[in-house]
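Please treat every number below as a calculation from the coordinates, not as lab data. As the structure is a prediction and not an experimental result, all values here were calculated from the model. Because the Cβ atoms are built from the backbone with ideal geometry, glycine has one as well, and the counts that use them run over all protein chains shown.
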Amino acid sequence: MSDLFWLTKTGMHELAHLHFADADASYEDARYAVFGVPYDGTTSFRPGTRFGPRAIREVSFNFESYDPATKIDFSEVPITDLGDLAVSRLPEDLVGQVADVAGDIVRDNKVPVILGGEHTATVGAVRAVRPDVYIVCDAHLDLRDELDGTPYSHGCVTRRVLEAVEDVVVIGARSGDREQFEIAAERTHLYTADTVRERGIGAVLREVREHVAGRRIYLSIDADAIDCCLTPGLGTPEPFGMTPLDIREVVRALAPYAVGFDYVEVAPFDSGQTAAVAAQMVREFIARHWVAGR
Ligand code: MN
Ligand code: MN
């Protein structure tokens, strides 16, 4: 685990904003291990997701530690924050780093919770976690075989995941070229943003949950799944998307089956709303997973 700063072990609690709120457990005691991946090395449009993990952690201190919906207090949940990965420049190396750290966390019987950073990190996490089903909310299909000369671009994430996981569900997509939509139709269960709007997120999630049938899932939320008019702190903004409430329904419904979670692609150059939603979804994930497992 030498790639990580062990902030939780330094005892320097005055650096409160450098860890996620209430993530005060020791690594040994923790059920949830948060780490940041401040990487935006393959960004194709607007850079800045490297600042996402810090913004998510900072705003996490804005919220009460009590969650009235689940009646849990996060201070009573064993969460640790390992800090940020000291990221490599090359995306293939970054994927390997994330796989190493997430693999250690999973072997220690904990749930990895990743703060991004661009979506590339997810490829490493999925390789480590090896879920039965990969479920992603994303404006983009991310099904390119290669982008800007690398197969590990943020635009290739779902394509790489398909090499490790056969069962892939995509929710909220509305962007991709013709080839990607053909691949999506053939090899994924695709619920476009329009489908979510027409059928409602509740109906979509009932179907997804039936499909999952209690199997182990990895849940990845690309922040741009949400309409950029609502959360504009994004590297690749797309309008006509899902709402924060839709995403909360996804997390609430699917967290109980998850063995890994990430919230990625937060480029926090807005009024703070994109990071605020991200921090709340991290809390929502942990709360729903914890309550389901008790
Ligand atoms: Mn993505
Ligand atoms: Mn995206």
Check: Assigning unit charges at the beta carbon (Lys, Arg +1; Asp, Glu -1) and nothing else, what dipole magnitude in debye, to the nearest 20, does the chain show about its Cα centre?
Finding: 540
Next item on the list: Sum -39500 (n - 2.57) across every DSSP H segment of at least 4 residues in the chain, then divide by the residue count to get the 222 nm mean residue ellipticity, nearest 500.
Entry: -10500 deg cm²/dmol
Notebook entry, point to check: So, with +1 on the Cβ of K and R and -1 on the Cβ of D and E, and no other charges, what is the size of the charge dipole of region 19-128 about its Cα centre, to the nearest 20 debye?
Noted result: 420
Margin query: In the chain, if the dipole is taken from +1 on Lys/Arg beta carbons and -1 on Asp/Glu beta carbons about the Cα centre, which of Asn62, Val250, Thr274 is farthest to the positive end?
Written below: Val250
Checklist line | Evaluated over the chain, the Cα radius of gyration and Dmax, each in Å | finding: 17.2, 53
Margin query: Using Cα-Cα distances under 8 Å and only pairs 6 or more residues apart, what relative contact order does the chain have, in percent?
Written below: 21
Margin query: How much length would be gained if the chain were fully extended between Asp177 and Glu92, taking 0.36 nm per residue of separation minus their Cα-Cα distance, in nm to one decimal?
Written below: 28.2 nm
Check: Out of Ala23, Leu162, Gly241, whose Cα points farthest toward the positive end of the dipole of the chain (charges: +1 Lys, Arg; -1 Asp, Glu; placed on Cβ)?
Finding: Ala23
Note to self: Is the C-alpha gyration tensor of region 128-237 telling us rounded, prolate or oblate? Criteria: a/c under 1.5 is rounded; beyond that, a/b larger than b/c is prolate, otherwise oblate.
What the structure shows: oblate
Check: Could you give the distance between the Cα centres of region 223-294 and region 53-85, to the whole Å?
Finding: 14
Note to self: I need the helices of the chain that pass two filters: whole DSSP H segments spanning 27 Å or more by Cα along the axis, and mean Kyte-Doolittle score no lower than -1.0.
What the structure shows: 273-293
Next item on the list: Give, in nm to one decimal, the length gained when the segment between Ala164 and Phe269 is fully stretched (0.36 nm per residue of separation minus the Cα-Cα distance).
Entry: 34.4 nm
Notebook entry, point to check: Mean separation of Cα pairs under 8 Å and 6+ residues apart, divided by the residue count of region 178-294: what relative contact order is that in percent?
Noted result: 27
Check: Which whole-number percentage describes the relative contact order of region 102-229, with Cα contacts under 8 Å and a sequence gap of 6 or more?
Finding: 30
Notebook entry, point to check: Say a paramagnetic label sat at a point 7 Å from the Cα of Glu76, along Cα to Cβ; which residues of region 249-265 have their backbone N under 18 Å from it?
Noted result: none
